[in-house]
Amino acid sequence: MATDLILSASDAENVRPYKFEATNISVYSFEQALYHCYYYWKESWDEIFIKDDFITWVRDELKLAYISSEIKKMKSIRSLYDKIIAFLSIIYYFDDSELDKLKKEIKDWQNQSQSEKLKEKGDALIAIGSFEKAIIAYKAVLTYDKKNFTVMNNIGVGYMNLENYVKAKKWFLRALDTCNGNVKIILNVIEACIYNEDFDNAEMYLNSIEPIYNSGEIFYFKGEIEFNRKNFDEAVKYYKKAVIKNDSFAIFRLSDVYKEQGLFDTAIKVLDMLNASDITALVKKSEIYLSVSDLSSAIKCIERALLYDGASVELWTYLAKYYRLNNDFIKAEGAVYTALRFSENDLAANLEMAKIKRSQGKINDYKTSIHKIFKNLKTDYRDIYF
């Protein structure tokens, strides 16, 4: 039965967070847990919905004994639909219109086949960057639908994001065997070939689709091949052709070529072709300034980027790095602590924290940071493989 009050949010600094394994999202209050369930139920529908460690967390960390006991009773509810709605209704947090919308969504989902449910789960997981779990869901789809080339392609995309380019290429080729001539899959095969330094096959696939696919991507990938072969003049020629066809990725790579050649001013001017609020362009500019030891300009680029995405862990970590290199350790610590508030287990942010401690000569703190990193990596390994 729902209570007639809304609980106050818990103080994040005084509460050990609860981490949902399916999404890798940590919550600090019961309201945040409800929000997570409402918006991310699809990512974790086939896992134990209300786990014992969550019930314990609500009781011991949030000090909500009554709520904890009510959740425990829900474990006996067999219907996923009834269980989700009961959980979300335990306090007055969502109004009737929000719950009615979710009820319809769940009912529509329940009418789908098992393979469709699993594919939707994979799509939802890959959208939030949970690539390992997305791959598991997609592979489960193939036990029901062995010739689903879209799912095979998506598995390849997952492996590309995990930088496992050998497996990515394997799955793209498997998708292509099932759907011969699919241009989008061929483009993925080409990219995987390039990452695997299989340039001859990349060129072969490019030549096969060039007569039928008039796009800047053709020139972009030709530029990628020549860039990786260190044929920079040829790479520039192809990237410029891609830019003419409005391929924004080619602008970044053109800038990379000029940076590689030591033409730093030209590299920055190329990036000026993009919108002043383009975060990727600002990050790349900061890296160019770092190459010429202009840390002040590098910092300004990241500070500007944060105006457009102040919750970016990556940007705060960049800022911490530049402050550290500029020997401004107080600001470096402030930036990295901000990054860790958004994602306490982020590998890059924790590594930057360790580097800051080492630069300050705080060896014990440095060792503690390294220990935390290895502990998190060990936990992630268990989550993925066991």
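Checking the cross-link pairs LYS121/LYS169; LYS241/LYS285; LYS240/LYS269; LYS51/LYS72; LYS19/LYS103; LYS119/LYS170 against a 18 Å limit on the alpha carbon distance flags LYS121/LYS169; LYS241/LYS285; LYS19/LYS103; LYS119/LYS170 as lying beyond it. Averaging over all projection directions, the Cα-based convex hull of region 263-384 occupies 8.4 nm² in the image plane. Overall size of region 94-218 from C-alpha positions, given as principal axis extents largest first: 58, 28, 25 Å. Compute the long axis of helix 232-244 from its Cα atoms, compare it with the longest principal axis of the Cα atoms of the chain, and write down the angle in degrees, 0 to 90, nearest 10. Approximately 60 degrees, to the nearest 10.
From most to least packed by mean Cβ count within 10 Å, the peptides 339-345, 297-303 give 297-303, 339-345.
The convex hull around the C-alpha trace of the chain, projected and averaged over every direction, spans 22.6 square nanometres.
Remark: region 138-148, residue by residue, has Karplus-estimated 3J(HN,Hα) of 5, 5, 5, 4, 5, 6, 9, 9, 5, 10, 7 Hz, where x stands for each Gly or Pro and the curve is 6.51 cos²θ - 1.76 cosθ + 1.60 at θ = phi - 60°. Ellipsoid semi-axes for region 163-286, based on the Cα gyration tensor and the rule √(5λ), read 27, 15, 14 Å when sorted largest first. Scanning residues 5 or more positions from LYS362 or on other chains, none has an amide H under 5 Å from its amide H, with H placed 1.01 Å from N in the peptide plane.
Rg of the Cα atoms in region 103-168, relative to 2.2 N^0.38 Å, amounts to 1.14.
Taken per residue, the accessible surface of region 238-347 reaches 51 Å², heavy atoms only and a 1.4 Å probe. Pairs of Cα atoms in region 47-143 fall into 5 Å distance bins, from 0 up to the last occupied one, in shares of 2, 12, 16, 17, 19, 18, 11, 4, 1 percent. Among the trypsin sites (Lys or Arg not before Pro) in region 99-202, those placed in a DSSP loop whose Cβ has at most 13 other Cβ atoms within 10 Å are LYS146, LYS147.
The angle between the Cα long axis of helix 149-161 and the longest principal axis of the Cα atoms of the chain comes to about 80 degrees, rounded to the nearest 10.
Over region 227-328, the ratio between the Cα radius of gyration and 2.2 N^0.38 Å evaluates to 1.12. Here the chain has 50 percent of its accessible surface on carbon and sulfur atoms, given a 1.4 Å probe and all protein chains in place. Charge dipole of region 189-344 (Cα centre as origin; +1 on each Lys and Arg Cβ, -1 on each Asp and Glu Cβ, all else neutral): 520 debye, rounded to the nearest 20.
Looking at region 90-141, the chymotrypsin sites (Phe, Trp or Tyr not before Pro) that sit in a DSSP loop and have at most 15 other Cβ atoms within 10 Å of their own Cβ are TYR92.
The values are calculated or read from the model by the stated rules, or taken from the named source; none is laboratory data. Quantities reported herein were computed from a predicted structural model and do not represent experimental measurements. Note that we place each Cβ from the backbone using ideal geometry, even for glycine, and neighbour counts take in every protein chain shown. Remember, those area values only see protein heavy atoms, side chains included, never the ligands or the DNA or RNA. Shrake-Rupley method; radii C 1.70, N 1.55, O 1.52, S 1.80 Å.
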